[in-house]
1. Tally time: how many residues in the stretch 94-126 are surrounded by fewer than 17 Cβ atoms within 10 Å (Cβ to Cβ), β-branched (Val, Ile, Thr) and more than 10 Å from the ligand (Cβ to nearest atom)?
2. Among the residues of the stretch 127-144, which ones are more than 11 Å from the ligand (Cβ to nearest atom), in a loop (DSSP other than H, G, I, E, B) and buried (at least 16 other Cβ atoms within 10 Å of the Cβ)?
3. Scanning the stretch 22-49 for residues that are modelled with pLDDT of 95 or more and within 9 Å of the ligand (Cβ to nearest atom), which turns out surrounded by the most Cβ atoms within 10 Å (Cβ to Cβ)?
4. From the list LEU61, LEU89, which residue is surrounded by 13 or more Cβ atoms within 10 Å (Cβ to Cβ), within 15 Å of ASP19 (Cα to Cα) and more than 15 Å from the ligand (Cβ to nearest atom)?
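The values are calculated or read from the model by the stated rules, or taken from the named source; none is laboratory data. No experiment lies behind these values; they were computed from the predicted model shown. Reconstructed Cβ throughout: ideal geometry from the backbone, glycine too, with neighbour counts over all protein chains shown.
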Amino acid sequence: MAIAVYPGSFDPVTLGHFDIIERSARIMDKVIVGVLNNSAKSPMFSVEERVGMLIDVTKHLSNVEIRSFEGLTVDFVRECGASVIVRGLRAVTDFEYELQLSQTNRVIAPEVDTIFLTTNLKYSYLSSSIVKEIAAYGGDISAFVHPEIAEKVHAKAVRIDK
Ligand code: ADP
């Protein structure tokens, strides 16, 4: 069985992330979305909230599972019994970092391969940070995230224009 892990912060999950999840679920037998619990970052949403939001938007995808993890991605990949990491590539700016990450992972875990899906052009500019920034100014984020996610972001966003 071909199992892939799609790791990330997902703070919150955007339509760009969702597109990568849907497409990788079509290619792989099973996709485990790994939500990174990184104490060094101060996310808008707790790891439990981020997992909950991902479960909500992927409930119709029967071969997608959502889990949280701490520590090295490759350790989590092994724990999942997976051999593939999926990452999304938006622009050249992602490339250098992603290349370094995948090559490092390959040295510490040679049995694990990283595959890259290029972003849907519609979402090539989209990031969780941009969504949070627009929400902070009270802007409309409905083109970037699912409606139930938009509600949660607006509820958390500290308005900075007033
Ligand atoms: P990280 O902190 O690991 O970068 P993110 O949640 O920001 O976590 O992103 C997780 C993965 O999803 C990364 O591979 C990133 O390149 C990819 N990604 C983020 N936004 C998009 C998008 N709009 N289109 C395609 N891939 C994306």
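1. Going through the stretch 94-126 one residue at a time, the tally reaches 4.
2. Correct list: ILE141 only.
3. Only one residue tops the list, namely VAL35.
4. Criteria check complete, one pass: LEU61.
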